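In what follows, a structure is listed as structure tokens, so that the remarks can point back to it.
Each reported figure results from applying straightforward, stated rules to the coordinates on display, with no laboratory input. Computed from a prediction, not measured in an experiment: that's the story for all the values here. Reconstructed Cβ throughout: ideal geometry from the backbone, glycine too, with neighbour counts over all protein chains shown.
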Amino acid sequence: MPADRTPVTGPFRISVDATPTGAALDMSHYLSTLILALAQAADEDGPSVLDDLQRIAELDRSARHQGIDSAATHERDERVSDLLDELVDGGSVPVYGAQVLRLAEALRVVSGPRSVPSQREAGAA
């Protein structure tokens, strides 16, 4: 699927690759935007951003020990959501117009049946 590997070209590129058990979405363009926004926020107010990230890490450690329905889990999730709202419009990746159909088609193609190479084709003796 080389020609259709990147069915979404903007505002964030999304590429689709087949994996042995399904598909992998390459969201690195969006994640780069997130990291750049985090770097910009750190440049503008480093101590505050670092405090936020350290508090999220503390809450995550507590959440892993206390369980999925703990106060620490809920507070961690809320703080992460707030940070995503501040940095990248909540974390949603927009896909517009015909790109929606191209993404759906790319996922349909990689989720379809695939031939499995025989042992001889795969290089077995």
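Starting from residues that are under 12 Å from ARG79 (Cβ atoms) and of a type in the set (A, V, I, L, M, F, W, C), keep the ones in the range 50-64 and report whichever is surrounded by the fewest Cβ atoms within 10 Å (Cβ to Cβ).
Across the range 50-64, the extreme among qualifying residues is ALA57.
Scan the range 1-27 for residues that are surrounded by 13 or more Cβ atoms within 10 Å (Cβ to Cβ), within 12 Å of the chain's Cα centre (by Cα) and among the small types (Gly, Ala, Ser) and jot them down.
SER15
Of the residues that sit in the range 69-96 and are within 27 Å of THR19 (Cβ to Cβ) and either touching a Cys at 6+ places or on another chain (Cβ under 7 Å) or not polar (S, T, N, Q) (or both), which one is surrounded by the fewest Cβ atoms within 10 Å (Cβ to Cβ)?
Among those that are within 27 Å of THR19 (Cβ to Cβ) and either touching a Cys at 6+ places or on another chain (Cβ under 7 Å) or not polar (S, T, N, Q) (or both), it is TYR96.
Give the residues of the range 1-52 that are among the aliphatic types (A, V, I, L, M) and without any contact (Cβ under 8 Å) to a residue 12 or more places away in the chain, sorted by residue number.
Selection gives ALA3, ALA24, LEU25, LEU31, ILE35, LEU36, ALA39, ALA42, VAL49, LEU50.
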